[in-house]
1. Farther than 26 Å from Thr247 by Cα and not hydroxyl-bearing (Ser, Thr, Tyr), is that true of Ala152?
2. Name every residue in region 239-253 that is open to solvent by 50 Å² or more (accessible area, probe 1.4 Å) and either in contact (Cβ under 8 Å) with a residue 12 or more places away in the chain or touching a helix residue (DSSP H, G or I) at 6+ places or on another chain (Cβ under 6 Å) (or both), in order of residue number.
3. From the list Glu227, Glu192, Glu199, which residue is farther than 25 Å from Gln111 by Cβ, exposed (fewer than 15 other Cβ atoms within 10 Å of the Cβ) and more than 20 Å from the chain's Cα centre (by Cα)?
4. Do you know which of the residues in region 230-271 that are within 19 Å of the chain's Cα centre (by Cα), hydroxyl-bearing (Ser, Thr, Tyr) and assigned to a helix (DSSP H, G or I) is farthest from Val148 (Cα to Cα)?
5. Would you mind stating whether Leu182 is in contact with a Pro (Cβ under 8 Å, 6 or more places away or on another chain), surrounded by 14 or more Cβ atoms within 10 Å (Cβ to Cβ) and at pLDDT 95 or above?
6. Residues in region 72-83: is at least one at pLDDT 95 or above and open to solvent by 70 Å² or more (accessible area, probe 1.4 Å)?
7. Looking only at region 34-74, count how many residues are assigned to a strand (DSSP E or B), farther than 24 Å from Val171 by Cα and either hydrophobic (A, V, I, L, M, F, W, C) or under 21 Å from the mean Cα position of the chain (by Cα) (or both).
8. From the list Ala36, Ala88, which one is farther than 30 Å from Thr247 by Cα, open to solvent by less than 60 Å² (accessible area, probe 1.4 Å), in contact (Cβ under 8 Å) with a residue 60 or more places away in the chain and out of contact with any His (no Cβ under 8 Å at 6 or more places or on another chain)?
Amino acid sequence: MILVTGATGNVGRHVVTQLAEAGVPVRALVRDPARAAFPAGVEVVRGDLTDPASLEPALDGVEDVFLVWPGFAAETAAAVVDVIKRRARRVVYLSANVVPGSTMFHVTVEQLIRDSGLAWTFLRPGGFATNTLGWIDEVRGSGVVSWVYGEAARSLIHEADIAAVATHVLVSAGHARQAYVLTGPEAITQAEQVRIIGEELGVEARWEELDPAAGFAVAKGIFGTDEGAREAMEGWGSFVASPEVVTDTVSRLLGRAPLTYRQWVRDRLAM
């Protein structure tokens, strides 16, 4: 039995579906089972990572956990990892490809898992294509996307590819103590991403460069602190001079090329 947390999220819902389609026993952890819709055969249980005690019944008979951390803080992470280590044998953690010395919560959660004695695999995606979802509505509405660092080149990854790697790791051997950096197939600038959205919508689309001070205010609203916003802005800005890395990990593990950003846009428009 595999427990999937974050089961209704962008990545988790794909993992649940892919495991179910492969005939693997899967249990989906959700806050509200009445609002969750999954394929036939998926067991749905109530639980919340901000309430570690709620995980106890969800972990009954579970061997492997796909762990997706909610939010941007890790106050309950130690307690959650403690519950998991007493009930399961392995964690596949959806982390992030952060710079050395980062203060992001992923660093804390990874270290807790390492120290727990659990078998582990870390999936470290770079930029998520789904983080640009709001741009589709902006292009539809005004044809303009206003944000910082239009020349920053990102190797954005389709959430379905992250899920496919997670599913592969969960059902196969040879991934113990591995940290996999996951990216899309190419690095393209943010301005080019907007152009692609416009092309797929069949409308004119352009990038409007936003002042970094205004971008910082938005980032602080997302991450909650000056430190988090500053780290995010520095990271985003670094991709102007040094494009985000492109890895062959998806191809190597899945035996196929990762999905392109244009394919992600098409998939989203089809939903």
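1. no
2. Scanning region 239-253 gives Val240, Pro243, Val245, Val246.
3. Exactly one residue qualifies, and that residue is Glu199.
4. Ser251
5. For Leu182, the condition - in contact with a Pro (Cβ under 8 Å, 6 or more places away or on another chain), surrounded by 14 or more Cβ atoms within 10 Å (Cβ to Cβ) and at pLDDT 95 or above - is met.
6. Looking for residues that are at pLDDT 95 or above and open to solvent by 70 Å² or more (accessible area, probe 1.4 Å), one finds none in region 72-83, hence no.
7. 1
8. Ala88
The values are calculated or read from the model by the stated rules, or taken from the named source; none is laboratory data. These numbers come from a predicted model, not from an experiment. All Cβ positions, glycine included, derive from the backbone under ideal geometry; neighbour counts span all protein chains shown. Only protein heavy atoms, including side chains, enter the accessible area calculation; ligands, DNA and RNA are left aside. Shrake-Rupley method; radii C 1.70, N 1.55, O 1.52, S 1.80 Å.
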